[in-house]
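Reading through the structure tokens given below for one structure.
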Amino acid sequence: MSRHALLLALALAVLAGPSEALVFDDGGTHLVDTDLTGKEGGVTVNDGPGATPTTVAVTSTLEQGAGVTGISDLTLDGATTGSSAFALDDATLTVMHSDIGNDVYGNHRSTVTVHDVAVLNNIFALGYAEIDVSAATVGTPADTGGRNLYANDSAFIRAHTGTVVLDDVFTNDMGTVVLEDVEVGQRIFANGTSQIDILGGSIAEDIASNGESTLRIFGADFAVDGSPVPLGAIAALSGTLTGELSDGSPLDVPFTRAETATILLTEVPEPAAAALLVAGALVLFGAGRRR
């Protein structure tokens, strides 16, 4: 079973849930503010009759996780979960000022916002999902097997505003990640036909572009192995890249690329241009979602 199919199966199992799960599917608006520690089920939110969206806010502790499907809306604000928080279909998930005990993920065109959140394991986007991550800590130092920020299958992730990713950033299969003011604890790796844009922050280990992927690095004063290089595609297949990223952060990182992949050095965008960069990525992403 593929990772994509497995995640869907797991999510549906959570939504089915044990008997103690709180299920909201009436098209109404609800608040969960009671402590559910010790309860076997989590919170699941589904559309009401006639595909009417259900809206739920959770501000308490959940023994398990929380999920939302359809066109419904789930907000975790000041919550603590023992498992994952996820959105499927065209649902909207907002997670802020919370602690998540496993993953946060979006699938099937969902929209997810993560702000000021500690996520134990991973944040990942699949199937045209869109995730915005700010001021979050993703992963744990004890986690040695994860790709903590992961976009696949034409999904989009923007991470910014002091987000810390303790492991890897990884893209595959037309996934896109934009990194602004992000601390990456290990490596950045693009595969397949995916793209990663690096505008600021730090990278502890290395960057790699494989398959037909593209790494775009925004900054100035670039050099490879100590020799200045112009803006544009790097000719070398490996070496050490130095320079200054667009947010002023120093860059000093080993790199590798496949012959079919591209590492593209790009000039520092003006603030308005930087906003257009993200907007343009979202426009392309949105066009893919509508196909």
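Points to keep in mind about this one:
- Length released on extending from Glu183 to Ser227, taking residue separation times 0.36 nm less the Cα-Cα span: 13.2 nm
- Length released on extending from Thr37 to Ile71, taking residue separation times 0.36 nm less the Cα-Cα span: 9.4 nm
- Packing-based ranking of 112-125, 235-248 yields 112-125, 235-248, ordered from highest to lowest mean Cβ neighbour count within 10 Å.
- Overall form of region 86-157 per C-alpha gyration tensor (a/c, 1.5; a/b vs b/c): oblate
- Label-to-label distance, Ala220 versus Ala51, with points set 7 angstrom from Cα along the beta-carbon direction: 5.1 nm.
- Spacing of the two label points (7 Å from each Cα toward its C-beta) at Thr193 and Thr111, in nm: 2.6
- Remark: the Thr240-Asp252 segment gains 3.6 nm on full extension, using 0.36 nm per residue and subtracting the alpha carbon distance.
Laboratory data are not the source of any read-out in this text; all were calculated from the coordinates shown. Since this is a predicted model, take the numbers as computed values, not measurements. So basically every Cβ, Gly included, is an ideal-geometry build from the backbone, and we count neighbours across all protein chains shown.
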